[in-house]
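Participant: Could you have a look at this structure, given as structure tokens, before my questions?
The values are calculated or read from the model by the stated rules, or taken from the named source; none is laboratory data. Model, not experiment: these values are computed from the prediction. Cβ sites come from the backbone with ideal geometry, for glycine too, and all protein chains shown count toward neighbours. Heads up: the accessible areas ignore ligands, DNA and RNA and are worked out on the full protein's heavy atoms, side chains in. Shrake-Rupley method; radii C 1.70, N 1.55, O 1.52, S 1.80 Å.
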Amino acid sequence: MIEKSIRSAINKMKQRGWDRIYFLVDIHDTIFKATYNEIEKYEWLGQAKEALQKLTETPWIILILWSSSYDDTLKDYIKYFEKNNIRFDYINENPEVENGSLGCFDKKPYFNVILDDKAGFSEEDWTKIIQEI
């Protein structure tokens, strides 16, 4: 239930006096329909485009693109997102949160909300994000 995750992250942000929260966002079968061995068709899933534009415009949300795609392919995605007024702050990292006594973020970036089909996210969740933010 994505709404619960977002509400929880916002409440925690307010309680702890943070000025931002971090969204980790996968590409394939989350933002776009996966094409696997074919050339990318950039087929948006649900309201992914509109929701990502809204998340981009929200100053207290940091977007992190989370993907196993190769660097050249990621550059193409970033160009396409930028043409659609979507900006990711980081790719596969979160340099804003440093290692501490309880957590090492060298290989796993810190995040508050994850949007990934493998984490149970579905294309209908994009509409719920628009309503929550």
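Participant: Which order do Y42, Y36 take when ranked by solvent-accessible area (1.4 Å probe, heavy atoms of all protein chains), largest first?
Facilitator: Y36, Y42
Participant: Name the lysines eligible as straight-distance cross-link partners of K75: C-alpha to C-alpha under 20 Å, and not fewer than 8 places from it in the same chain.
Facilitator: K33, K41, K49, K83
Participant: If I build a Gaussian network model for the chain, linking alpha-carbon pairs within less than 10 angstrom, which residue out of S68, S101, S122 has the largest mean-square fluctuation?
Facilitator: Per the Cα network of the chain with a 10 Å cutoff, S101 tops the list.
Participant: Just want the answer: with Cβ charges of +1 for Lys and Arg and -1 for Asp and Glu, which residue in V113, L65, Y80 is farthest toward the dipole's positive end in the chain?
Facilitator: With unit charges placed on the Cβ atoms, the residue in question is V113.
Participant: Nearest 5 is fine: what % of DSSP beta bridges in the chain come out antiparallel, could you say?
Facilitator: 10 percent
Participant: Can you send over the carbon and sulfur percentage of the accessible area for the chain, probe radius 1.4 Å, protein chains only?
Facilitator: Answer for the chain is 46 percent, counting heavy atoms of protein chains only.
Participant: Show E123, E38 ordered by accessible area, largest first, where the area counts protein heavy atoms only and the probe is 1.4 Å.
Facilitator: Correct descending sequence by accessible area is E38, E123.
Participant: Compute the helix-to-body angle for 48-57: its Cα long axis versus the longest principal axis of the chain, expressed 0 to 90° and rounded to tens.
Facilitator: Between the helix axis and the principal axis of the chain, the angle is about 40 degrees.
Participant: Right, here's the next one. Return one whole number: the accessible area per residue of the chain in Å², for a 1.4 Å probe.
Facilitator: Accessible area per residue, the chain: 62 Å².
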